[in-house]
1. Taking all pairs of distinct Cα atoms, average 1/r, flip it, and tell me the Kirkwood hydrodynamic radius of the range 2-156 in Å to one decimal place.
2. Quick one: if the Förster radius is 41 Å, what FRET efficiency do residue 122 and residue 22 give, using the C-beta to C-beta distance and rounding to 0.05?
3. So for the range 24-63, Kirkwood radius off the Cα pairs, Stokes-Einstein at 25 °C and 0.890 mPa s: how many µm² s⁻¹?
4. On each of the three principal axes of the Cα atoms of the range 1-85, give max minus min coordinate, whole Å, ordered largest first.
5. What is the fewest-to-most order of 138, 51 by other Cβ atoms lying within 10 Å of their Cβ?
6. Find how much the distance from residue 138 to residue 48 grows on full extension, using 0.36 nm per residue of separation minus their present alpha carbon separation; answer in nm with one decimal.
7. For 79, 27, what ranking results if the residue with the fewest other Cβ atoms within 10 Å of its Cβ goes first?
8. For each of 24, 126, 47, count neighbouring Cβ atoms within 10 Å of the residue's Cβ, then give the residues from fewest to most.
């Protein structure tokens, strides 16, 4: 519910379908995930869903570079923006996917949320990431982090970022 409140407070558009998604990419409202040596994108993530709001891209650059500096390995993004139509299909096969009804929906639909894969992380990397994300949440740079079975589900907020990457 908190994710829905935040999306509504920021007046972020919930992307209904592929056409709306394309329009937002073309207008620059959504930007590409920053594929760098510090941040990998899962090959399973479709090309047309490798986009986020600009403040999420900045957050990912900072987090992934810090992780890479410590561990010499990239973080992997498993999921980013997805339209309502995709969320409905996903809900049929993934219990972790947010249901779609009058009260709830996924914040992925607004492009403000990403999932970072957990399966490739060592115990040390997992603990580092947990503590770093707790810090970001305390500093109000992210709204929430949910540790799901396969990923960290992270919703970033719009704040002033000073990253000079």
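1. 15.7
2. On the way: r = 38 Å, r/R0 = 0.94.
It comes out at approximately 0.60.
3. Details: Rh = 10.6 Å.
The calculation lands on 232 µm²/s.
4. Principal-axis extents of the Cα atoms in the range 1-85, largest first: 38, 27, 22 Å.
5. Values: 138 9, 51 22.
So the ranking, lowest neighbour count to highest, is 138, 51.
6. Working: separation 90, 0.36 × 90 = 32.40 nm, distance 3.23 nm.
Stretched fully, the residue 138-residue 48 segment lengthens by 29.2 nm.
7. On the way: 79 23, 27 8.
Exposure proxy ranking, most exposed first: 27, 79.
8. Ascending Cβ contact count within 10 Å gives the list 47, 126, 24.
No lab work stands behind these numbers, since they all come straight from the coordinates. Please read all numbers here as calculations on a predicted model, not as lab measurements. With ideal geometry, Cβ positions are generated from the backbone for all residues, glycine too; neighbour counts draw on all protein chains shown.
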